[in-house]
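Below is one structure; the comments refer to it alone.
The values are calculated or read from the model by the stated rules, or taken from the named source; none is laboratory data. Note that the structure is a prediction, hence the values are computed from the model and not measured. Cβ: placed from backbone, ideal geometry, glycine included. Neighbour counts: every protein chain shown.
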Amino acid sequence: MTKEKRKMRVSSKFLATLVLVLVSSVANGDPLVPALIIFGDSIVDVGNNNNLNTLIKANFPPYGRDFVTHRPTGRFCNGKLATDFAAEYLGFTSYPPAYLSQDARGDALLTGANFASAASGLYGGTANLYRAITLTQQLNYYKEYQTKVVKMVGKAKANDIFSGAIHLLSAGSSDYIQNYYINPLLRTIYTPDQFSDILMRSYSTFIQNLYGVGARRIGVTTLPPTGCLPAAITLFGGGSNQCVARLNQDAKAFNNKLNSISLSVQDKLPGLKLVVFDIYQPLLDLVTKPSDNGFFESRRACCGTGTLETSLLCNARALGTCSNATSYVFWDGFHPSEAANEVIAGNLLAQGVGLIS
Ligand SMILES: *[C@@H]1O[C@H](CO)[C@@H](O)[C@H](O)[C@H]1NC(C)=O
């Protein structure tokens, strides 16, 4: 990596810091919001799937090799997720614990929890296919979590935590990549457009239910350019090495609907701040212009051959795993590297000012 490129990567960190300073009126070391609550799929799962009878796990090397502890945690990454960086930028000194883990107890719960489950989606059938936790069940766990917090700090204080907390949802990728595109049952019944309508109904219901239990700050990520994920190019690219246009088209159409439905949901629910975080463009920029951000590899992922492997196939015996992932946009066939997550998190923060203020 040249000095120039490194400087650019630093500058995205600088931007994040700048935003943080701008929005922070109280410089007393407290986080900007009381808690961080996370729902969704493998982009944000920090270990809930470790405790499930599912094949979709990442609790073995080389996952986690660059994490703070240099151990696998269940994160589908070599290091930190974008939401880990986001937690740091918000001033938290720890990450929201996986709700199904031993860490999710006592005071640790007061600054948030993570309910996400790899291979889950907006469509309940996706999670069920992989024995992951459906979004409906994630919300049920959140209600259970709320009961625990109320017991610890009382109803009034607890309600302040729930209404002040940032709630993040990252879902939808698995509905397409791990379900719709490989599931003839769905594909013969629904066009991509009809399928996205089903996902939108589920999304809208989820947001309203979350609002119903006291959430007032909600952020939701768009779909990434799914056609550019290394495994998607391998599986659906017909031998080409280019991003799969058809998949990116579906993702863009989904994202447009997500934006308009979010506006109408926010209109209906007084006091709700609902922000749609665009991760499509930032990730597309990394993929199409990797060197602009100090990356040199965006087609091959670091783990294994880098063209397909994720979960069980990305393991300590996978041949070809790169020795240093900092120049790779993707860690495995479906998931960004820690270095890419840091860039994405800088973008999220810049877009998220409205949620904090
Ligand atoms: C990977 O490379 C970067 C710079 O290119 C360097 O800062 C970092 O220490 C390296 N990491 C490891 C684990 O060798």
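Filtered by the rule that a residue be out of contact with any Ser or Thr (no Cβ under 7 Å at 6 or more places or on another chain) and hydrophobic (A, V, I, L, M, F, W, C), the stretch 221-231 gives Cys228, Leu229.
Answer yes if at least one residue in the stretch 164-177 is surrounded by fewer than 22 Cβ atoms within 10 Å (Cβ to Cβ) and modelled with pLDDT of 95 or more, and no otherwise. Reasoning before the result, please.
Of the residues in the stretch 164-177, the ones surrounded by fewer than 22 Cβ atoms within 10 Å (Cβ to Cβ) are 164.
From what is left, the residues that are modelled with pLDDT of 95 or more are 164.
Yes, the stretch 164-177 has at least one match.
Within the stretch 304-326, the set of residues being crowded, with 19+ Cβ neighbours inside 10 Å and away from the ligand (no atom under 16 Å from the Cβ) comprises Gly304, Gly306, Leu308, Glu309, Thr310, Ser311, Cys314. Name every residue in the stretch 183-193 that is of a type outside the set (S, T, N, Q) and over 13 Å from Gly125 (Cα atoms), in order of residue number. Those that are of a type outside the set (S, T, N, Q) and over 13 Å from Gly125 (Cα atoms): Pro184, Arg187, Ile189, Tyr190, Pro192, Asp193.
For the stretch 178-229, a residue qualifies if it is within 17 Å of Ala251 (Cβ to Cβ), β-branched (Val, Ile, Thr) and part of a helix (DSSP H, G or I), and the qualifying residues are Ile182, Ile198, Thr226. Which helices (runs of 4 or more DSSP H) sit wholly inside the stretch 61-161 and have at least 3 residues that are surrounded by 15 or more Cβ atoms within 10 Å (Cβ to Cβ), of a type in the set (Phe, Trp, Tyr) and out of contact with any Lys or Arg (no Cβ under 6 Å at 6 or more places or on another chain)? Answer list for the stretch 61-161: 135-153.
Among the candidates Leu263, Leu272, Leu284, single out the residue that is out of contact with any helix residue (DSSP H, G or I) (no Cβ under 7 Å at 6 or more places or on another chain) and more than 18 Å from Lys80 (Cα to Cα). Can you show your working first?
Numbers: Leu272 fails: out of contact with any helix residue (DSSP H, G or I) (no Cβ under 7 Å at 6 or more places or on another chain); Leu284 fails: out of contact with any helix residue (DSSP H, G or I) (no Cβ under 7 Å at 6 or more places or on another chain).
Of Leu263, Leu272, Leu284, the one residue that is out of contact with any helix residue (DSSP H, G or I) (no Cβ under 7 Å at 6 or more places or on another chain) and more than 18 Å from Lys80 (Cα to Cα) is Leu263.
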